[in-house]
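Read-outs throughout are calculated quantities, based only on the coordinates presented, and are distinct from any laboratory measurement. The model shown is predicted, which means the values in this text are computed figures rather than measured ones. Cβ placement follows ideal geometry from the backbone for every residue including glycine, while neighbour counts extend to all protein chains displayed.
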Amino acid sequence: MARKPLARRGLRLSRPDAERFFTVMMVFTSRTFRWSVPRRTMIWTAGIVMAIWVVAMTGSAYGLWATKKIMSFTQLQRDTYTQQRQLRDSLAQAQALDGQIQQLRKQMSDLLKVLNLKNSDPAIPPLPAASLPAGPSPSPSPQKLDKLRSGLERTSFEATQIQARMAPIIERWNHTPSIPPTAGYLSSPFGIRLNPFARKNESDDALLGFHSGIDISNAENTPIQATADGVVKEAGDMDRYGNGVVLVHTSQLETLYAHMARVRVKVGQKVTRGDILGDMGRTGNATGVHLHYEVRVNGRPVNPMPYMRLQREWLSSLR
């Protein structure tokens, strides 16, 4: 009788608690295999597998998005030239106002001379039909002529004032970074990030570092363009930046283009928006092929992203 309780106890101990274990069984003709896995272990394993799957899907989705976002530099340059042409047309309309006023002023002056001569000397032959308006027109009185002159002078003065106000705006716009420096996708934003070199990077000697620009990744030798008119301040090897270029746009504004494979400009050279500065590479402290782009205001780096959208946003506001 003593064996039955022991047998029952052994059978009970050989079976795992259903509340704390999952049991996996494989049944064959001659043998059966059974594994009991703690529920906590099973949950952790499922969670880790799910996390890996989510990370993998997120990475794949970002890769697909980035691939769609990457456009060829030729397309970027075409868009840049189209936008610049639209800007020039818009600004030319304002600048052409003074030219139109000057032309009108000359025509009116010529007409006033003819009318004055016609009123003072009746022996002067009339103008050809093509030069004067069709139909009979009575000679204007001196009061009307003076009023016409004063109105023309006032309009010409206003046009000159508009042109004087537009000139510095146009000049400032030409020297303000306002387009993307190259084609590609944003691989590292501006601000605090994990230090890819785990040593002194940018300004901090720690795992976290301050990224003073943005990184745009694409294929090697993708062209890099100037984002505004300026003068080349530095060109060539720049230590941790590798091959790079620094452009001075105004007394406050500078831009930096780093990690180039090749530099195509020289110090002191004047460049305009859209000119090619060099080719994308991975020189200096770089973990891959990309462009490190900075915008500096009074020597301090600022987020370049708002500057890269300026031209498109300005054109959108004109429509």
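Report, in debye and to the nearest 20, how large the dipole of the range 250-298 comes out about its Cα centre when Lys and Arg carry +1 and Asp and Glu carry -1 on their Cβ.
Details: 7 positive and 4 negative charges, 30 e Å.
The calculated dipole for the range 250-298 is roughly 140 debye.
How do 178-186, 44-52 rank on mean C-beta neighbours within 10 Å, highest first? Don't skip to the end; give the middle numbers.
Working: 178-186: 22.2, 44-52: 10.2.
Taking the mean over residues of other Cβ atoms within 10 Å, the ranking is 178-186, 44-52.
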